[in-house]
Amino acid sequence: MEILRASILKTYCAIEIHRTKWNEILRSFESSLNVLAGLVDQLECVKKTEPCELSRKFPDLQGKLEQIIRALMEEEMTSMIVLLEELNQLNLKIKSICEVTYKLYVEDSDKAQSNPAFFQGTSLYPPISQMIEWMDDINLCYANKLTNAKYLLEIFDCSSQAIVNLQNILDFRSNFSTVDAIMAKMSIFLLEK
């Protein structure tokens, strides 16, 4: 039972580190998103350009400009894919830590009678089953955020709305309210370490 308690403490401490690293990486997206937004604006301007003297002298100019802008977009998107992979690795690591704790929980569930307060919770901290459920909720929050970001990058269509969608999902200021709420509920339990 003490092993399970220690594992839960370790897991939630790892989740706190995970939150910090996620936020750091999300901040890294900001510059790429700003560059991408500028490139989308430039591409839209190039596409809307009316024929003029210059375009008559250089008929391939508009196509070449579009090609250059799209290549620059591709570079930014490649760097964003690298960051998404870093987030994925973090998610895999925290998921693995949570799985170890869950296995210990399953193994120790028959010992619930020996310390019912630990398994049923107290006025200071929630029942173990709820802590385990919250670990799954946290994993799900991060997994969904990552899946959504990957999907938005895959379907990126060089539009202003596509940029807004990416900025919304990758904004480090739009924190995970579910994770924050869970960590607040766990704070007293975590302080006992």
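The values are calculated or read from the model by the stated rules, or taken from the named source; none is laboratory data. Since this is a predicted model, take the numbers as computed values, not measurements. All Cβ positions, glycine included, derive from the backbone under ideal geometry; neighbour counts span all protein chains shown.
Just checking, does the stretch 9-27 include any residue being outside any helix (DSSP H, G or I) and out of contact with any Leu (no Cβ under 8 Å at 6 or more places or on another chain)?
To start, the set of residues in the stretch 9-27 that are outside any helix (DSSP H, G or I) comprises none.
Taking every residue of the stretch 9-27 in turn, none turns out to be outside any helix (DSSP H, G or I) and out of contact with any Leu (no Cβ under 8 Å at 6 or more places or on another chain).
Check whether at least one residue in the stretch 46-65 is without any contact (Cβ under 8 Å) to a residue 40 or more places away in the chain and closer than 30 Å to residue 186 by Cβ, and report yes or no. Even if it seems obvious, please write down each step before you answer.
Filtering the stretch 46-65 down to residues without any contact (Cβ under 8 Å) to a residue 40 or more places away in the chain leaves 46-65.
In the following step, the residues that additionally are closer than 30 Å to residue 186 by Cβ were identified as none.
No, because not a single residue in the stretch 46-65 is without any contact (Cβ under 8 Å) to a residue 40 or more places away in the chain and closer than 30 Å to residue 186 by Cβ.
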(request) Scan (1) aromatic (Phe, Trp, Tyr); (2) within 17 Å of the chain's Cα centre (by Cα); (3) over 30 Å from residue 127 (Cα atoms) for the single condition residue 22 breaks and write down its number. (result) (3)
(request) Would you mind telling me which numbered condition in (1) over 21 Å from the mean Cα position of the chain (by Cα); (2) within 30 Å of residue 172 (Cα to Cα); (3) in contact (Cβ under 8 Å) with a residue 60 or more places away in the chain residue 130 fails? (result) (3)
(request) Name every residue in the stretch 76-108 that is within 19 Å of residue 179 (Cβ to Cβ) and in contact with a helix residue (DSSP H, G or I) (Cβ under 7 Å, 6 or more places away or on another chain), in order of residue number. (result) 84, 86, 87, 88, 90, 91, 94, 95, 97, 98, 101, 102
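So which residues in the stretch 56-78 are surrounded by fewer than 15 Cβ atoms within 10 Å (Cβ to Cβ) and either among the polar types (S, T, N, Q) or part of a helix (DSSP H, G or I) (or both), if there are any at all? Before the answer, list the steps.
Restricting attention to the stretch 56-78, the residues satisfying the condition of being surrounded by fewer than 15 Cβ atoms within 10 Å (Cβ to Cβ) are 56-60, 63-64, 67-68, 70-71, 74-75, 78.
If the condition is that a residue be surrounded by fewer than 15 Cβ atoms within 10 Å (Cβ to Cβ) and either among the polar types (S, T, N, Q) or part of a helix (DSSP H, G or I) (or both), then 56, 57, 63, 64, 67, 68, 70, 71, 74, 75, 78 are the ones that fit.
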(request) List every residue pair whose Cβ atoms lie under 6 Å apart, where the two residues are 6 or more positions apart in sequence or sit on different chains, the first residue falls within the stretch 12-26 and is over 14 Å from residue 187 (Cα atoms), and the second residue, located anywhere, is among the aromatic types (Phe, Trp, Tyr) and not in a helix (DSSP H, G or I). (result) 23/172; 26/172
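Grab the helices (runs of 4 or more DSSP H) fully contained in the stretch 80-193, keeping just those with 1 or more residues being at pLDDT 85 or above and either surrounded by 15 or more Cβ atoms within 10 Å (Cβ to Cβ) or not aromatic (Phe, Trp, Tyr) (or both).
Details: elements: 116-120, 128-154, 160-170, 177-191.
Where helices (runs of 4 or more DSSP H) fall fully within the stretch 80-193 and carry at least 1 residues being at pLDDT 85 or above and either surrounded by 15 or more Cβ atoms within 10 Å (Cβ to Cβ) or not aromatic (Phe, Trp, Tyr) (or both), they are 128-154, 160-170, 177-191.
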